[in-house]
1. Just 28, 52, 69 to compare: in a GNM of the chain, with alpha carbon springs under 10 Å, which one fluctuates most?
2. Grab the Cα-Cα distance for residue 52 and residue 73, subtract it from 0.36 nm times how many residues apart they are, and report the gain in nm with one decimal.
3. Projected onto the charge dipole of the chain (+1 at Lys/Arg Cβ, -1 at Asp/Glu Cβ, origin at the Cα centre), which of 108, 16, 2 gives the Cα projection farthest towards the positive end?
4. Projected onto the charge dipole of the stretch 32-124 (+1 at Lys/Arg Cβ, -1 at Asp/Glu Cβ, origin at the Cα centre), which of 81, 94, 117 gives the Cα projection farthest towards the positive end?
5. Rounded to the nearest 20 Debye, what is the dipole magnitude of the chain about its Cα centre when Lys and Arg each give +1 and Asp and Glu each give -1 at the C-beta?
6. Net charge around residue 43, counting only other residues with Cβ within less than 13 Å of its Cβ (Lys, Arg = +1; Asp, Glu = -1)?
7. In whole percent, what relative contact order does the stretch 20-124 give with Cα contacts below 8 Å and a gap of six or more residues?
8. List the lysines whose Cα lies under 28 Å from the Cα of residue 87, skipping any in the same chain that are fewer than 8 positions away.
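Values in this text are rule-based calculations from the coordinates and carry no lab data. In this text the structure is predicted, and so the values were computed from the model without any measurement. Cβ atoms come from the backbone with ideal geometry, glycine included; neighbour counts cover every protein chain shown.
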Amino acid sequence: QVQVVESGGGLVQAGGSLRLSCAASGRTFSGYAMGWFRLAPGKEREFVAAITRSGLSTLYGNSVKGRFTISRDNAKNTVFLQMNSLKPEDTAVYYCAATESSWYSNQPNGYDYWGQGTQVTVSS
């Protein structure tokens, strides 16, 4: 079991950047693939990005490809989401998640542990 805590959200103008952090507890952090999802009012949870246990492979949702970058620092038990060229449609609560599976997933039900979320608001 792992506890997950996101941080780094805030208000930014369109075209700007934010870097989200996700701190995970546990001595086996490197044993979890990690993912980011987002949830906007009235919409279903949307896959954003995921990263393998080693950090060598990544996966991105179509809406963020070329703009967002996921990375991890296993020594610090932290995963990051660098968000560039932000658009108003990126406004959402962003959630970090961990999976005990051997590979990452682009589906919410593929993850076992979730953070509380951090709000990202992009103004036009």
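1. 28
2. Working: separation 21, 0.36 × 21 = 7.56 nm, distance 1.17 nm.
Taking 0.36 nm per residue and subtracting the Cα distance, the gain is 6.4 nm.
3. My answer, from the dipole projection, is 16.
4. 81
5. For the chain, the charge dipole is close to 220 debye.
6. On the way: positive: 38, 45; negative: 44, 46, 89, 90.
Value of the local net charge: -2.
7. Relative contact order of the stretch 20-124: 32 percent.
8. Straight-line reach from residue 87, under 28 Å: 43, 65.
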